[in-house]
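Asker: Here you go, one structure.
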Amino acid sequence: MTVIDVSNAPSVLMSMSGVGDNGTRYGSGRNQPGKCTRWQWLALGGGGGFENTSPLPSAVAAWENAPAEHRHSLDEIPFRGAIFVYGASSGPRWKGDENWPYGDVAMVTGTRLTPTWRDWDLGATDAAGVGNIAVVNAGTRYAQTGYRKPLGWLSSFGGAVLSPGGGAGAPITDTVTAPPTVPEEDDMAFKPLVAKTLIGQGPGTDTWIFDFNRMTYRHARSATEIALAAKLGAVVLDGPQPKDMFRGFTYADVDGKGIR
């Protein structure tokens, strides 16, 4: 298998100008909406891709087609330039969603590599709004993608072994030698969210994000998460809201707080 030094790939991803499978060139820090697999492939090859010898029609396919020794669990700490993979959604994320089985991929930046996978920073497409590449932690990306189950991380992609560098890898090239065999199917376009601020028990307030497409709500754990939701089209309403307003929603969080 071809070996690629990916030590600089996260930096390439963040500033890369890439050509979509529609022939359009997207400017620095931009991506063709929904094309996570293609954009990671481009960045791993220095901005121009590399010879793809394993099908990359989707994130799930990238995982399934990688050799077993290159599929790593979330208990293993990844290296800079490795690829983090989310699996399929549990079902359609909104009416007419045909892309829920295809998953999502993002690139490990090498920062915040704690024993907890949710902390790992990832370079991801559509992470700062549709068509905008940004760094988010894996926990935030989990929420962004509609709670797709994280499968683990890959040390190979498209048939190439990903090397953390140090002279072990082949030179990164900006020459496109072979495109992915099938265009990526997944559409990661964000649907609007609505954020509500509710009075919590005790001092201060708790903030909740209500997803009207999935009819679920979850507790927002940080101001950063709320700011990101707002940037992605959420409507933030100030002040407490009556509980009856959200009758019929399903509580989708794991921290056990619930609406108070």
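Asker: Looking at 32, 40, which is the one that is part of a loop (DSSP other than H, G, I, E, B), closer than 22 Å to residue 103 by Cβ, within 19 Å of the chain's Cα centre (by Cα) and at pLDDT 90 or above?
Answerer: On the way: 40 fails: part of a loop (DSSP other than H, G, I, E, B).
Answer to the selection: 32.
Asker: Something else: Scan segment 19-28 and give yes if some residue there is closer than 28 Å to residue 119 by Cβ, assigned by TED's automatic domain parsing to the domain that holds residue 146 and crowded, with 22+ Cβ neighbours inside 10 Å, otherwise no. Working first, answer last.
Answerer: Of segment 19-28, the ones closer than 28 Å to residue 119 by Cβ are 28.
Then drop every residue that is not assigned by TED's automatic domain parsing to the domain that holds residue 146, which leaves 28.
So of that shortlist, the ones also crowded, with 22+ Cβ neighbours inside 10 Å come out as none.
The answer is no, given that none of the residues of segment 19-28 is closer than 28 Å to residue 119 by Cβ, assigned by TED's automatic domain parsing to the domain that holds residue 146 and crowded, with 22+ Cβ neighbours inside 10 Å.
Asker: Could you tell me which numbered condition residue 104 fails, if it satisfies all but one of (1) surrounded by fewer than 22 Cβ atoms within 10 Å (Cβ to Cβ); (2) under 24 Å from residue 46 (Cα atoms); (3) not hydrophobic (A, V, I, L, M, F, W, C)?
Answerer: Unmet for residue 104, out of (1) surrounded by fewer than 22 Cβ atoms within 10 Å (Cβ to Cβ); (2) under 24 Å from residue 46 (Cα atoms); (3) not hydrophobic (A, V, I, L, M, F, W, C): (1).
Asker: Do we have any residue at all in segment 57-78 that's surrounded by fewer than 16 Cβ atoms within 10 Å (Cβ to Cβ) and either aromatic (Phe, Trp, Tyr) or within 20 Å of residue 39 (Cα to Cα) (or both)? Outline the logic, then answer.
Answerer: Applying the first criterion (surrounded by fewer than 16 Cβ atoms within 10 Å (Cβ to Cβ)) to segment 57-78 yields 64, 67-69, 73, 75-77.
Those left that are additionally either aromatic (Phe, Trp, Tyr) or within 20 Å of residue 39 (Cα to Cα) (or both): 64.
Within segment 57-78, one or more residues are surrounded by fewer than 16 Cβ atoms within 10 Å (Cβ to Cβ) and either aromatic (Phe, Trp, Tyr) or within 20 Å of residue 39 (Cα to Cα) (or both).
Asker: In addition: Residue check: is residue 151 among the hydrophobic types (A, V, I, L, M, F, W, C), free of Cβ contacts under 8 Å to residues at least 40 places away in the same chain and in a strand (DSSP E or B)? If you could, list the steps in order and put the result at the bottom.
Answerer: On the way: among the hydrophobic types (A, V, I, L, M, F, W, C): yes; free of Cβ contacts under 8 Å to residues at least 40 places away in the same chain: no; in a strand (DSSP E or B): yes.
Criteria not met by residue 151.
The values are calculated or read from the model by the stated rules, or taken from the named source; none is laboratory data. Quick caveat, the model's predicted, so the values are computed rather than measured. Backbone-built Cβ (ideal geometry, glycine too); neighbour counts: all protein chains shown.
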